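The values are calculated or read from the model by the stated rules, or taken from the named source; none is laboratory data. Everything numeric in this text was worked out from a predicted model, so none of it was measured. As a convention, Cβ positions derive from the backbone with ideal geometry for all residues, glycine included, and neighbour counts pool all protein chains shown. Accessible surface areas use protein heavy atoms only, side chains included; no ligands, DNA or RNA. Shrake-Rupley method; radii C 1.70, N 1.55, O 1.52, S 1.80 Å.
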Amino acid sequence: DMPTEWEVPAFTVETFAPRRSRFCIGIPIINEGDRIRTQLNTIHRLGLHDMADIIIADGGSTDGSTDRDRLAPLGVRTLLTKTGKGKLSAQLRMFFAYALCQGYEGMVIIDGNNKDGVDAIPNFLEALDQGWDYVQGSRYIPGGIEKNTPFARKWAVVLLHAPVISLAARFRYTDTTNGFRAISRQFLLNPELQPFRDVFDTYNLHYYLSVMAPRLGYRVKELPVSRVYPAKGPTPSKIKGFKGELHVLSQLFKAALGFYRPSN
């Protein structure tokens, strides 16, 4: 029963367990295969499913990684499967809408490709409990760890992406492409934010939220995280080639210049 003015892609809901926590952990995926299985096993082994409800935000996987018998035993509470249009930002709108309608007070987001150290999740939950509204994970602050980061990607973040977002946000970020974040209910429901719009399709919702949280006066900080890329083989990423990189740059500057702010 979400508000009629919210623009959210069509999706299905499979619930494996009742809500048990004030907070939830959202994991957006699409065809992550063994990566998401390994990540969920680690989350379960660390007992993180007892600290916050686990919600999978699937973009329409066809590799069997979202089968019920694979998810339920690992403590996943809900599987959301997007059947409508859109990519990552559409998956995030789906997840946010579900989490808000379920009454969660805050949510942690972490990519489902097993690059991020899930052992940092309790620190993000603690930050939400302490009243922080927007928490950005960073490899580039004390305590952060990076391994095998592609050279071009690292310097694009350090020299371009993070400075542009920081300037627009009036808050110094160091790792603005990192999807490991925590977000409060109050921030998402601010009428000046309006994240539930179809304009948020691929990566721009992440950038927009980073800019708007400090601009709207919310409590924002970074926390150290680890991100480890495979030492061999292809880089796990949905951004492909020059066209993909150009698209990211376009969305970056649109977010920085205020193109996505509500007109009313």
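Quick one: check the C-alpha center-to-center distance for segment 1-64 versus segment 149-194, whole angstrom.
22
So how do L209, L159 rank on accessible area, 1.4 Å probe, biggest first, that is with the largest at the start?
Details: L209 0, L159 125 Å².
Sorted by accessible area, descending: L159, L209.
Which Cα, out of V13, A213, G26, lies furthest along the positive dipole direction of the chain (beta carbon charges, K/R +1, D/E -1)?
Working it through, the farthest residue towards the positive pole turns out to be A213.
Within the chain, what whole-number % of the accessible surface is contributed by carbon and sulfur, with the 1.4 Å probe and all protein chains included in the calculation?
On the way: 6370 of 11920 Å².
Roughly 53 percent of what the probe reaches on the chain is carbon or sulfur.
Based on C-alpha coordinates, I'd like the Rg and Dmax of segment 12-149, in Å.
According to the Cα coordinates of segment 12-149, Rg and Dmax are 14.3, 41 Å.
Put a dot 7 Å past each Cα toward the Cβ at T4 and S250; how far apart are the dots in nm?
A separation of 3.4 nm, rounded to one decimal place.
Taking the solvent-accessible surface of protein heavy atoms with a 1.4 Å probe, what is the per residue accessible area of the chain in Å²? The partial results should precede the final answer.
Numbers: 11920 Å² over 264 residues.
On a per-residue basis, the chain sits at 45 Å².
How large is the dipole of the chain about the Cα centre if only Lys and Arg carry +1 and Asp and Glu carry -1, each at its Cβ, rounded to the nearest 20 debye? Walk me through the numbers on the way to the answer.
Working: 33 positive and 26 negative charges, 142 e Å.
Roughly 680 debye for the chain.
What is the Cα radius of gyration of the chain over 2.2 N^0.38 Å, N being its residue count?
Details: Rg = 17.1 Å, N = 264, 2.2 N^0.38 = 18.3 Å.
Its radius of gyration relative to the 2.2 N^0.38 Å reference: 0.93.
Mean-square fluctuation check for the chain, GNM, Cα pairs under 10 Å: which of A90, A152, A213 is largest?
With Cα springs under 10 Å in the chain, the top fluctuation among A90, A152, A213 is at A152.
Mind grabbing the accessible area of I121 for me, 1.4 Å probe, Å², rounded to tens?
0
Any idea of M51's accessible area? Nearest 10 Å², probe 1.4 Å.
90
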